[in-house]
1. Do we find a residue being among the basic types (Lys, Arg), open to solvent by 80 Å² or more (accessible area, probe 1.4 Å) and away from the ligand (no atom under 12 Å from the Cβ) anywhere in the range 19-42?
2. How many residues are exposed (fewer than 10 other Cβ atoms within 10 Å of the Cβ) and closer than 20 Å to Met50 by Cβ if we restrict to the range 6-18?
3. Here are some residues: Met53, Met59. Which one is of a type in the set (A, V, I, L, M, F, W, C), away from the ligand (no atom under 16 Å from the Cβ) and at negative phi?
4. Could you check how many residues of the range 66-94 are in a strand (DSSP E or B), surrounded by fewer than 11 Cβ atoms within 10 Å (Cβ to Cβ) and among the β-branched types (Val, Ile, Thr)?
Amino acid sequence: MRMQHDARWFADPSAFKPERFARDAVPTQRGAWSPFGMGPRVCLGQHLAMTEMTVIAAMLLQRCTLAVPDGMAAPRPVLNVTLRPQAPLHLALAPA
Ligand code: HEM
């Protein structure tokens, strides 16, 4: 079982609840969520990755609205160093 799916640290762990990570959310056990690893082999790119994701999300969401196209099945996550969808994920982008 992946740490992030352990109900000892996360209530209803399989549910998509991004509010778990909100600034005012109740903090969980330190280290229970460590997508970049820990210790001497911790990810060298973690700060770049977080900055890139924030900038890309901000630029995209200012300009576009994302929607799930009709008939698109829920993605099946596959663990391959990071989690990724088994099949390509399609999203419809419309100007905001
Ligand atoms: C969302 C993006 C990323 C995730 C989730 C991620 C996650 C990880 C994880 C889990 C490890 C292994 C840590 C361990 O063995 O304990 C790792 C190692 C590493 N990551 Fe990342 N990473 C990301 C982006 C990046 C980026 C953008 C770079 C470089 C620009 C990078 C460079 C590295 C390097 C060089 C290591 C090896 C560190 C070592 O073994 O000393 N990563 N990353």
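1. yes
2. 2
3. The unique qualifying residue is Met59.
4. 1
The values are calculated or read from the model by the stated rules, or taken from the named source; none is laboratory data. The model shown is predicted, which means the values in this text are computed figures rather than measured ones. Every residue, glycine as well, gets a Cβ built from its backbone with ideal geometry; the counts of neighbours run over all protein chains shown. Ligands, DNA and RNA are excluded from the accessible area calculation, which covers all protein heavy atoms including side chains. Shrake-Rupley method; radii C 1.70, N 1.55, O 1.52, S 1.80 Å.
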